[in-house]
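The values are calculated or read from the model by the stated rules, or taken from the named source; none is laboratory data. Only a predicted model underlies this, so the values are computations on that prediction, with no experimental measurement involved. Cβ placement follows ideal geometry from the backbone for every residue including glycine, while neighbour counts extend to all protein chains displayed. Areas reflect the complete protein model, heavy atoms only, side chains present, ligands, DNA and RNA absent. Shrake-Rupley method; radii C 1.70, N 1.55, O 1.52, S 1.80 Å.
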Amino acid sequence: MSARTSVIAVLVSSVGSALLLVGCDDATVVDRPSPGVTVTTASATVSAATPDVTAPAAPDVDTVSKAPTPIPESTPPALWNPCGLSDSAVSSAGLNAASKTRLDNPGVPGSRSCRWQDTARTVELTIVSSPDTLADLQAGGKYVQFTPVALGGRQAVEYRAAQDTHHLGCYVTTFTGDGSVAFVAKTLRVQQDGFDSCADARTFGAALAGQLP
């Protein structure tokens, strides 16, 4: 080997060692450019930061506002309550005050009613206070035989239930500013003759008409 060749070999060996050393110390290896050649090296930095994404917090149950309950524009007036009749008034009408029975659901929505027996236990009288008008009573065919009558100086109407073919009961109804009050008499007699349930309803109704509103 000539002296020139030995020098090149040493230089190549030295440069290779230098490149290897650079590669071990730094992640980027840059070759020296040849004479007359321009090399532009761009250095870019990539951020690995994770974007800050925060999920919205769930609302606190205690702080969730509820829709307010609507307030009715008006409240219907309370109906007259026949159960409020005094024992003395009931007794004066010929009824047994101790037989008083409060009825929660007489079949008319929004109504109030009470029931008594007479002292002889032959007649049952139910007084029903309801929002029904005369037109309500006459509609549907549930009641029949409407007849105008007087009830203790008040105008009233007498009628029967359509299904009561034996005339065991009778209704006498007078009207108030809030609706109507019906006196409903029903016989309790074993012998179903010699009685007039409508006459009983008129008698008790006339005796208690002064207690009505």
Among the residues of the range 121-138, are any more than 36 Å from the chain's Cα centre (by Cα), open to solvent by 70 Å² or more (accessible area, probe 1.4 Å) and closer than 17 Å to Asn81 by Cβ?
no
Considering the range 154-213, residues that are among the hydroxyl-bearing types (Ser, Thr, Tyr) and over 24 Å from Arg121 (Cα atoms), and then whichever is most open to solvent (accessible area, probe 1.4 Å), we arrive at Thr176
